[in-house]
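The next block holds one structure in the form of structure tokens; read it before the comments.
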Amino acid sequence: MSKVVKFGGSSLADAKQFQKVADIIKADPERHFVVVSAPGKRNDKDTKVTDMLYKTYALAEDDKNFSKELAAIEARYNEIIKGLKLKLSLKEEFEKIEENFKAKAGSDYAASRGEYLNGIIMSNYLGFEFVDPAEVILFDDDGSFDAEMTNRKVSKRLRGVENAVISGFYGAYENGKIKTFSRGGSDITGSIVARAIHADVYENWTDVSGFLVTDPRIIDKPAPIETITYTELRELAYMGASVLHEDAIFPVRKEGIPINIRNTNSPEDAGTWIVESTAKKSKYTITGIAGKKGFCCVNISKDMMNSEVGYVRRVLQAFEDQNISIEHVPSGIDTMTVFVAQEEFIDKEQAVVSEIHRLAKPDLLEIESDLALIAVVGRGMKRQRGTAARIFSALAHVSVNVRMIDQGSSELNIIIGVENRDFEKAIKAIYDIFVVTQL
Ligand code: ASP
């Protein structure tokens with residue numbers, strides 16, 4: 001058995017957190033490969049090292065003095081080194097970083113140093129080999145991640161290696177120039193390494209004990225999710241549930257490797273298992289509820305719409321031409337509605353309206369704003385009669401007016417549109433009916 005373990009920024013924020021991490025790694029000899037983030041926040045008012053690096057580099061780009069800012073970053077690392085009682089100096093590394101900042105090596109290079117230095121410290125602390133991902137994680141010239149080449153390189157590099165620490169978040173173009181993933185990208189690095197070494201499990205250690213059925217800002221201490229499938233997770237993540245980087249599932253998914261989300265501050269918790277498919281029933285009919293505010297919808301009616309070939313395409317063309325992505329398109333016989341993100345739509349709305357008129361000649365067009373979408377997701381809904389009925393009676397009971405219903409044919413989710421102001425109330429009502437009362 002071989003496990004890849006990735007630790008996020010809050011798990012590596014200071015020496016005390018590093019010690020917890022080392023205890024976790026040593027507690028299980030199967031934890032061979034360790035992927036690290038940069039030091040995160042030590043408390044609510046603190047700043048992540050990655051953010052400090054971006055800020056410091058911005059000064060360098062403007063030819064301003066950045067020595068105070070860089071010294072503050074160096075101090076954070078030195079505090080960790082001192083706290084761990086290591087005989088390690090990053091002085092030369094910081095001289096090189098200063099030089100490269102002055103030479104304007106790019107903001108990706110700057111940000112990547114957070115993970116790079118943390119990787120050096122962790123490898124030194126654990127006595128594991130250090131692997132710089134710039135050697136093995138590759139991007140094409142157009143900036144896209146080269147998954148297959150990377151997979152070959154990482155697996156070749158780690159063949160025969162017993163234990164290693166690999167910095168998260170970045171890789172390089174073929175010419176060696178550093179390139180990062182988007183923010184939170186160390187999750188992707190962990191997944192890449194897990195795929196390359198055919199790990200049995202990818203453990204992703206963070207500061208929460210896995211996924212919760214819904215947002216703890218809306219429901220006080222929501223129930224945890226024990227097992228969730230990749231597809232369920234996609235649905236929930238798309239609607240705003242965030243614990244793991246959205247792209248982190250793709251490499252492991254290719255190999256059928258499960259992800260286990262764990263809590264560094266509470267290692268005894270089982271966390272959440274993210275799997276391809278499972279025979280395990282979720283505890284409740286639903287797996288999770290997530291949602292987002294801030295949508296608009298465009299309602300269109302036209303007599304005999306159902307028999308007019310290409311009608312929907314022509315309407316959607318108007319959105320595409322304005323480069324607006326579409327969230328949902330529920331439709332009736334002579335009506336259709338297009339849901340879009342309000343922020344993206346609002347400045348272009350009149351251009352879209354006139355183009356719909358030109359292309360599709362509707363009888364009636366009306367825009368509504370300030371809507372929220374809620375996704376009720378669960379593999380268990382498929383075999384259960386009356387799920388939709390329970391959702392809607394729960395919402396009726398608390399006087400929430402449902403503006404839209406969309407059930408995907410996979411029966412994995414039901415999307416409900418409500419007014420922004422009913423958003424929290426609706427989530428509470430759905431949570432109550434499925435989790436609290438477990439009807
Ligand atoms: N340190 C990077 C960030 O703050 C990447 C990561 O932590 O995954 O986004």
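Where does each of K91, K3 land when they are ordered by accessible area, with a 1.4 Å probe and the largest first? List each step's numbers first, then the result.
Details: K91 125, K3 25 Å².
Sorted descending by solvent-accessible area, the residues read K91, K3.
Near K102, once Lys and Arg are set to +1 and Asp and Glu to -1 for all other residues with Cβ below 13 Å from its Cβ, the sum equals -3. Coordinate range of the alpha-carbon atoms in the stretch 363-439 per principal axis, descending: 41, 27, 15 Å. How large is log10 of I(q)/I(0) for the chain at q = 0.06, 0.07, 0.11, 0.14 Å⁻¹ when the intensity is taken from the Debye formula with one equal scatterer per alpha-carbon? Rounded to two decimals, the profile gives -0.32, -0.43, -0.96, -1.25. Roughly how tilted is helix 147-158, in degrees to the nearest 10 and between 0 and 90, from the longest Cα axis of the chain? With both axes taken from Cα atoms, the answer is about 30 degrees.
I need the Kirkwood Rh of the stretch 134-233: take the reciprocal of the average 1/r across all distinct C-alpha pairs and report it in angstrom. If you can, show how the numbers build up before the last one.
Details: mean 1/r = 0.0642 Å⁻¹.
Answer for the stretch 134-233: a Kirkwood hydrodynamic radius of 15.6 Å.
Magnitude of the charge dipole for the stretch 15-102, about its Cα centre and with charges confined to Cβ atoms of Lys, Arg (+1) and Asp, Glu (-1), is about 500 debye. Ordered from longest to shortest, the equivalent ellipsoid semi-axes for the stretch 202-242 are 16, 14, 10 Å, each the square root of 5 times a Cα gyration tensor eigenvalue. A simple spin-label model places the labels of N299 and K20 5.1 nm from each other, with each point 7 Å out along Cα-to-Cβ.
Distance between the 7 Å Cα→Cβ label points at K102 and F250: 3.9 nm. Put a dot 7 Å past the Cα of I218, heading toward its Cβ, do the same for M1, and the two dots end up 3.6 nm apart.
If the chain linking S354 and D269 were pulled fully straight, counting 0.36 nm for each residue of separation and taking away their Cα-Cα distance, it would gain 25.0 nm. Here is the tail figure for the stretch 6-94: Cα pairs spaced more than 21 Å apart come to 38 percent of all pairs. Full extension of the segment from S242 to D46, taken as 0.36 nm per residue of separation minus the current Cα-Cα distance, would add 68.5 nm. Here is the size of the stretch 57-192 from its Cα atoms: Rg then Dmax, 15.5, 46 Å. If you plug the beta carbon distance of E30 and K425 into 1/(1 + (r/R0)^6) with R0 = 60 Å, you get a FRET efficiency near 0.85. Taking 0.692 mPa s as the viscosity and 37 °C as the temperature, the Stokes-Einstein diffusion coefficient of the stretch 211-317 based on its alpha-carbon Kirkwood radius rounds to 196 µm²/s.
What's the FRET efficiency of A341 with E411 using the Cβ-Cβ distance as r and R₀ = 25 Å, to the nearest 0.05?
Numbers: r = 25 Å, r/R0 = 1.02.
That gives a FRET efficiency of 0.45.
Here the chain exposes an accessible surface that is 48 percent carbon and sulfur, computed with a 1.4 Å probe and the other protein chains kept in place. In degrees from 0 to 90, rounded to the nearest 10, what is the angle of the helix 387-397 Cα long axis to the longest principal axis of the chain? Approximately 80 degrees, to the nearest ten. Rounded to the nearest 10 degrees, the inclination of helix 107-126 to the longest alpha-carbon principal axis of the chain is 60 degrees.
The values are calculated or read from the model by the stated rules, or taken from the named source; none is laboratory data. Just so it is clear, the structure is predicted and the values come from calculations on it, not from any experiment. Here Cβ is always computed from backbone atoms with ideal geometry, including for glycine, and neighbour counts include all displayed protein chains. Note: accessible area is taken over every heavy atom of the protein model, side chains too, but ligands, DNA and RNA are not part of it. Shrake-Rupley method; radii C 1.70, N 1.55, O 1.52, S 1.80 Å.
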